[in-house]
Amino acid sequence: MSFDREASCRRCRVYCDWVIDPVGCLGCSRLYAYDAKDGRRYAGCVERVHAAEVDLGVLEQCAEEERGFGGIRAVRVPLPICSAVVDSAYPRRLPEIGCVNPEFYEPPGGGTFVMTTREQPSRDA
Ligand code: SF4
Ligand code: SF4
């Protein structure tokens, strides 16, 4: 069984989004780059996991300094290769029953759920 997944959840008042750190995109085959008229080289995602185009020089500098660039909101569910985490806003708004959409936190490409039932042995046997 497979589930349609979303990049954002608004099923309670917490508001959760998958976000990508584009430093993790360096080396990904789905990263494109082009030279802009302002003399900078910009990079983006062919898969449109996120919709931003980021200064490639800044990304490379972040990687060199071993620090993140910062999260960019995903516009579609990240791929397993992406450096993706869930960012939750207003965590104090979590309802008493807890998250009502725990599948949202399943890692990208984390597989599907398998549901099984176990039959109770018959008392007549
Ligand atoms: S697929 Fe993921 S890692 Fe690759 S460029 Fe797009 S957002 Fe980055
Ligand atoms: S806490 Fe759960 S139900 Fe609420 S927005 Fe986040 S994923 Fe959705």
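Below are the figures for this structure:
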quantity: Placed amide H near ILE72: partners under 5 Å, 5+ positions off or other chain; calculated: ILE20, ASP21
quantity: Selected from ILE20, HIS50, SER8, residue furthest toward positive end of dipole (the stretch 8-95; charges at beta carbon); calculated: SER8
quantity: Accessible-area ranking of ASP17, ASP38, largest first, probe 1.4 Å; calculated: ASP38, ASP17
quantity: For the stretch 1-69: accessible area per residue (Å², 1.4 Å); calculated: 63
quantity: Label-to-label distance, nm, for residues given as ALA89 and VAL75 (7 Å Cα→Cβ offset); calculated: 1.8
quantity: Cut-off 17 Å (backbone N to label point 7 Å along Cα→Cβ of ILE97), residues of the stretch 14-47; calculated: 14-15
quantity: At R0 = 35 Å, FRET efficiency that the Cβ-Cβ distance of SER29 and TYR105 yields, to 0.05; calculated: 0.85
quantity: Length-normalised contact order of the stretch 8-95 in % [C-alpha pairs under 8 Å, at least 6 apart]; calculated: 43
quantity: Gain upon complete extension [VAL46, GLU65; 0.36 nm per residue less C-alpha separation]; calculated: 4.3 nm
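The values are calculated or read from the model by the stated rules, or taken from the named source; none is laboratory data. Here the structure is a predicted model, which means the values were calculated and not measured. Don't worry about glycine lacking a Cβ; one is built from the backbone with ideal geometry, like all the others, and counts go over all protein chains shown. Side chains included, ligands, DNA and RNA excluded: accessible areas come from the protein's heavy atoms. Shrake-Rupley method; radii C 1.70, N 1.55, O 1.52, S 1.80 Å.
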